[in-house]
Amino acid sequence: MTIDIESRTTTSPRKTRKQKAASAAGSPVTPQPPRMPGRRNPKWIALGIVALCLGGLLSYMIYARVASETAVVAAAHTVYRGETIEQGDLTTITLRGGSLPHTVPALRLADLVGKRAAYDLIEGSVIPSSAVIEEATPAEGRAIVGLKLAPGRGPGNLLLPSSPVRLIALPAAADSSTTDKLTGSVFVGRVIDQSPAADGTSILVNVDVEAGAAPTIAMLAAQDRVAIVRDAGR
């Protein structure tokens, strides 16, 4: 019988772990490779630039549209010449791409209430500042004379409502045997309105004049002896 007298050594797990840690600490550590930067996609960069350009263009278009809009006063209902303008007769509309001359801003709508219409204000039409007067037409001591002007007797396109004008008495007909002292007489007035005549060439003009001169002007108009000159003003 054989007896093994050689001693056996037993290594504990804790000691084994310490040995491995010491071995690992003594070994060189391999550094991690540097991180490569991500590649930028040119397509996304181009799309971003295009989006910025479109956003700027859209902002400019919105600004230009708002800047070109003007709110003005218009007629909500037809108001005839000489009638008093009431609150319900007025409304506001927005003009785009510019504005008409001599319009009344929407903020001044209340200023027109209680005044009178210088001429017919058609429903839906823009109301110019000259279309509203403080008193009735004609006023006390004034009269309105209707004239029919042949071509060349007046600046038709410039005879706007409330325009200051002068009425010039023309000479009598050449075959007239009467002596006329009215030739060259001048009468001051203001245009009420105008419209084309039935013949398609003449124009009909209503003029506000002094009441004392109205009979003479009417007689000259009946003889076709009146010419109109537009003066400076509205």
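The values are calculated or read from the model by the stated rules, or taken from the named source; none is laboratory data. These figures come from a predicted structure and were not determined experimentally. Cβ atoms come from the backbone with ideal geometry, glycine included; neighbour counts cover every protein chain shown.
Every residue in region 183-216 that is within 20 Å of residue 158 (Cβ to Cβ), out of contact with any Lys or Arg (no Cβ under 9 Å at 6 or more places or on another chain) and β-branched (Val, Ile, Thr), please.
Of everything in region 183-216, just one residue is within 20 Å of residue 158 (Cβ to Cβ), out of contact with any Lys or Arg (no Cβ under 9 Å at 6 or more places or on another chain) and β-branched (Val, Ile, Thr), namely 201.
Taking region 193-234 as the search range and keeping residues that are without any contact (Cβ under 8 Å) to a residue 12 or more places away in the chain and in a strand (DSSP E or B), which one is nearest to residue 146 (Cα to Cα)?
195
When the residues of region 106-154 are filtered to those that are touching a helix residue (DSSP H, G or I) at 6+ places or on another chain (Cβ under 6 Å) and part of a loop (DSSP other than H, G, I, E, B), which remaining residue is surrounded by the most Cβ atoms within 10 Å (Cβ to Cβ)?
Taking the candidates together, the pick is 118.
Does region 141-148 contain any residue that is free of Cβ contacts under 8 Å to residues at least 24 places away in the same chain and basic (Lys, Arg)?
No, region 141-148 contains no residue that is free of Cβ contacts under 8 Å to residues at least 24 places away in the same chain and basic (Lys, Arg).
Has region 162-184 got at least one residue that is closer than 30 Å to residue 86 by Cβ and part of a loop (DSSP other than H, G, I, E, B)?
Yes: region 162-184 contains one or more residues that are closer than 30 Å to residue 86 by Cβ and part of a loop (DSSP other than H, G, I, E, B).
With (1) free of Cβ contacts under 8 Å to residues at least 40 places away in the same chain; (2) at negative phi as the list, and residue 184 as the residue in question, which single condition is left unmet?
Failing condition for residue 184: (2).
Out of curiosity, is residue 156 on the phi > 0 side of the Ramachandran plot and at pLDDT below 90?
no
From the residues in region 75-96 that are among the charged types (D, E, K, R) and crowded, with 16+ Cβ neighbours inside 10 Å, which one is nearest to residue 111 (Cα to Cα)?
89
For residue 94, are the conditions met, namely being in contact with a Pro (Cβ under 9 Å, 6 or more places away or on another chain), within 30 Å of residue 161 (Cα to Cα), assigned by TED's automatic domain parsing to the domain that holds residue 130 and modelled with pLDDT of 70 or more?
no
Report, by residue number, each residue of region 172-195 that is over 15 Å from residue 118 (Cα atoms), surrounded by 11 or more Cβ atoms within 10 Å (Cβ to Cβ), modelled with pLDDT under 90 and not hydrophobic (A, V, I, L, M, F, W, C).
180, 183
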